[in-house]
Amino acid sequence: MTDAFDADKIAKAISERYSNVTISEDDRISDAIVVALEGKDSHHNRQGVMLENIVMIIHRFFNFKKIAIAIRAGDGYEYGKIVGFVKDGQALKISHQSLERIKEIQTEAGYCSKANIRIIISNENEKNRRNDCAQDEHANGDLDFENMSDDDMIYVFILAGHKDIKGWIELASPRDGKLPSSHTLHWISLIGDMMVPFIHSGTDAP
Amino acid sequence: MINSPLSLEHLQYLREKYSSRQEGEEATEAFDDFIVNYTTSGANIDTTLKALIRFIHRFFGFEYVAIALRNEKDGLYRYVYSIGLPAEADSSYKKIAYSSSDLFDDATFPSVKICRFSRFYIAEKKPYKPGEESSYTRPNLLTLTRGHIDDMIEGDYIDIYLHKSPNDVMGYFELAGTRSGKLPEKGTIKKLELIAVFISRYLQNEHRGVR
């Protein structure tokens with residue numbers, strides 16, 4: 001029990017308690033998402049800036065080297081922001097993905113950790129994994145499912161309702177070469193869902 | 001590129017890996033579910049905002065949660081949805097209307113900025129107009145002395161502003177009383193700001209008829 005607090009002393013203590021001097025990683029992520037989505041009305045390319053900020057958040061906090069965001073444009077999708085796809089980045093940028101292609105990705109063999117996330121493991125990676133296991137005398141027959149090859153992809157769909165795909169976030173090549181943690185996918189799923197009302201495709205621009 | 005299906009062993013591994021939860025993830029996961037179940041599934045504003053205050057009340061440990069919105073006709077802010085107040089206090093509460101100048105009148109409603117768009121109103125500074133005492137849950141406790149500096153006491157409240165643009169506030173969340181009796185964690189305020197920035201945009205889209 002402390003002595004009676006005067007109002008100014010309490011105000012100072014509260015101000016210090018909520019300052020950003022000590023802040024957890026999750027709180028930094030929250031802050032960064034708020035800044036990315038909040039935007040500035042005066043900016044002529046608000047959506048472009050938002051996509052850039054989202055890509056930077058994923059790059060900085062979740063350690064993916066390759067990130068692309070595609071947004072619905074007309075009867076297909078166009079990449080609004082691409083980072084790290086060195087070889088095929090240009091090809092992605094000028095490509096116009098059809099709705100059929102996206103539906104194909106949605107149903108491609110893989111693992112769906114949440115309704116808006118699809119992890120696609122390439123056949124090549126699966127084959128290498130089995131070869132590595134056969135050659136590794138310490139593996140005891142256990143396959144290492146943690147590694148993520150350059151051909152493995154994670155898609156985070158930006159869904160307005162279950163069928164309306166506004167776009168998606170494409171992720172590959174984590175810095176540590178491993179599958180992302182549950183915590184990472186949890187945040188990226190939230191980012192994808194939070195982006196829905198901030199995405200416009202031209203006809204519904206603010 | 002069409003891949004072969006993953007082996008059962010591989011699927012089982014992924015299932016186990018991605019079903020684990022870290023401490024403190026429940027609230028953000030519930031927020032993600034809220035988005036999917038309400039805002040993107042086409043529920044109307046009324047249903048969505050009622051669900052929102054239930055969600056905040058349940059996951060963030062506040063005894064009282066309300067949303068005030070600006071009426072575009074008269075420009076006044078009124079509490080439209082609330083949870084956690086006794087009927088009598090709730091009725092008094094919903095009769096209150098604030099102008100935009102009231103909102104940031106620091107002489108009448110002294111406060112401390114605690115985050116990007118959150119302010120803490122300290123009970124000892126009496127942040128209410130004369131006559132508004134009846135809108136508190138326990139008005140007889142308004143003169144209670146704070147036992148410890150991290151206690152949350154009757155009369156303390158937090159407002160988190162919903163912005164239409166940087167200088168245009170369209171409403172706010174109001175939060176008071178914590179089930180622990182302590183001030184909320186910093187992370188709680190950060191997450192509530194995340195929710196605020198999303199709901200602000202959702203409300204703007206709904207008002208413009210954009211989905």
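Inspect region B:134-146 for any residue being under 19 Å from B:Leu76 (Cα atoms), outside any strand (DSSP E or B), at pLDDT below 95 and away from chain A (no Cβ under 11 Å) and give the result as yes or no. Walk me through how you get there before you give the answer.
Just the residues of region B:134-146 that are under 19 Å from B:Leu76 (Cα atoms), to begin with: B:135.
Keeping just the survivors that are outside any strand (DSSP E or B) gives B:135.
Imposing the further condition that a residue be at pLDDT below 95 reduces the set to B:135.
Within this subset, residues satisfying the condition of being away from chain A (no Cβ under 11 Å) are B:135.
Within region B:134-146, one or more residues are under 19 Å from B:Leu76 (Cα atoms), outside any strand (DSSP E or B), at pLDDT below 95 and away from chain A (no Cβ under 11 Å).
Which of the residues spanning region B:108-122 are within 14 Å of chain A (Cβ to nearest Cβ) and assigned to a loop (DSSP other than H, G, I, E, B)? Steps first, answer last, please.
The first filter runs over region B:108-122 and keeps only residues within 14 Å of chain A (Cβ to nearest Cβ), leaving B:109-122.
Across region B:108-122, the qualifying residues are B:Phe109, B:Pro110, B:Ser111, B:Arg116, B:Phe117, B:Ile122.
This table checks each residue for (1) part of a strand (DSSP E or B); (2) over 17 Å from the mean Cα position of the chain (by Cα); (3) among the hydrophobic types (A, V, I, L, M, F, W, C); (4) within 13 Å of B:Lys129 (Cβ to Cβ).
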| residue | (1), (2), (3), (4) |
| --- | --- |
| B:Ile67 | yes, no, yes, no |
| B:Asp74 | no, yes, no, no |
| B:Val80 | yes, no, yes, no |
| B:Glu88 | no, yes, no, no |
| B:Ser92 | no, yes, no, yes |
| B:Asp106 | no, yes, no, no |
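Would you check if there is a residue in region A:16-26 being at the interface with chain B (Cβ under 9 Å from one of its Cβ atoms), closer than 30 Å to B:Gln204 by Cβ, modelled with pLDDT of 90 or more and in a helix (DSSP H, G or I)?
Yes, that holds for at least one residue.
Got a number for residues in region B:161-211 being at the interface with chain A (Cβ under 7 Å from one of its Cβ atoms) and in a strand (DSSP E or B)?
1
Can you tell me which condition A:Cys133 does not meet? The list is (1) at pLDDT below 75; (2) away from chain B (no Cβ under 12 Å), and all the others hold.
If we test A:Cys133 against (1) at pLDDT below 75; (2) away from chain B (no Cβ under 12 Å), just (2) comes out false.
Under 6 Å between Cβ atoms, which residue pairs at least 6 apart in sequence (or on different chains) link something in region A:13-29 that is farther than 19 Å from A:Met56 by Cβ with a partner that is part of a loop (DSSP other than H, G, I, E, B)?
Within 6 Å, the pairs are A:Ala13/B:Ile149.
Exactly one of these conditions fails for B:Phe104: (1) more than 13 Å from chain A (Cβ to nearest Cβ); (2) aromatic (Phe, Trp, Tyr); (3) free of Cβ contacts under 8 Å to residues at least 60 places away in the same chain; (4) buried (at least 18 other Cβ atoms within 10 Å of the Cβ). Give me its number.
B:Phe104 satisfies all of (1) more than 13 Å from chain A (Cβ to nearest Cβ); (2) aromatic (Phe, Trp, Tyr); (3) free of Cβ contacts under 8 Å to residues at least 60 places away in the same chain; (4) buried (at least 18 other Cβ atoms within 10 Å of the Cβ) except (4).
Confirm whether B:Tyr157 is within 17 Å of B:Gly84 (Cβ to Cβ) and more than 7 Å from chain A (Cβ to nearest Cβ).
Values: within 17 Å of B:Gly84 (Cβ to Cβ): yes; more than 7 Å from chain A (Cβ to nearest Cβ): yes.
It is true that B:Tyr157 is within 17 Å of B:Gly84 (Cβ to Cβ) and more than 7 Å from chain A (Cβ to nearest Cβ).
Could you tell me which residue of region B:147-160 is modelled with the highest pLDDT, considering only residues that are in contact with a strand residue (DSSP E or B) (Cβ under 6 Å, 6 or more places away or on another chain) and in a loop (DSSP other than H, G, I, E, B)? Before you say what the answer is, go through the steps one by one.
Looking only at region B:147-160, we keep the residues that are in contact with a strand residue (DSSP E or B) (Cβ under 6 Å, 6 or more places away or on another chain), and these are B:150, B:152, B:157-160.
With the extra rule that they be in a loop (DSSP other than H, G, I, E, B), the set shrinks to B:150, B:152.
Values: B:Asp150: 91, B:Met152: 94.
Step by step, filter region B:147-160, then rank; the result is B:Met152.
On the given criteria, is B:Lys125 more than 14 Å from chain A (Cβ to nearest Cβ) and of a type outside the set (Phe, Trp, Tyr)?
Values: more than 14 Å from chain A (Cβ to nearest Cβ): no; of a type outside the set (Phe, Trp, Tyr): yes.
So B:Lys125 does not fit the description; no.
Between a residue in region A:182-206 that is farther than 14 Å from B:Glu25 by Cβ and any residue that is of a type in the set (S, T, N, Q) and at pLDDT 95 or above, which pairs come within a Cβ distance under 8 Å, given they are 6 or more apart or on different chains?
From region A:182-206, no pairs qualify.
Inside region B:10-20, can you point out the residues that are out of contact with any helix residue (DSSP H, G or I) (no Cβ under 6 Å at 6 or more places or on another chain) and within 7 Å of chain A (Cβ to nearest Cβ)? So that I can check it myself, show each step before the final result.
Within region B:10-20, the subset out of contact with any helix residue (DSSP H, G or I) (no Cβ under 6 Å at 6 or more places or on another chain) is B:10-17, B:19.
Within region B:10-20, B:His10, B:Leu11, B:Tyr13, B:Leu14, B:Lys17 meet the criteria.
Inspect all residues belonging to region B:79-88 and state whether any of them is out of contact with any helix residue (DSSP H, G or I) (no Cβ under 8 Å at 6 or more places or on another chain) and of a type in the set (Asp, Glu). Please lay out each step first, then the result.
Of region B:79-88, the ones out of contact with any helix residue (DSSP H, G or I) (no Cβ under 8 Å at 6 or more places or on another chain) are B:86-87.
Among the residues that remain, those that are also of a type in the set (Asp, Glu) are: none.
Within region B:79-88, not a single residue is out of contact with any helix residue (DSSP H, G or I) (no Cβ under 8 Å at 6 or more places or on another chain) and of a type in the set (Asp, Glu).
The values are calculated or read from the model by the stated rules, or taken from the named source; none is laboratory data. Note that the coordinates shown come from a computational prediction; the quantities given were computed from them, not determined experimentally. Neighbour counts are summed over all protein chains in view; Cβ atoms, including those assigned to glycine, are modelled from backbone coordinates with ideal geometry.
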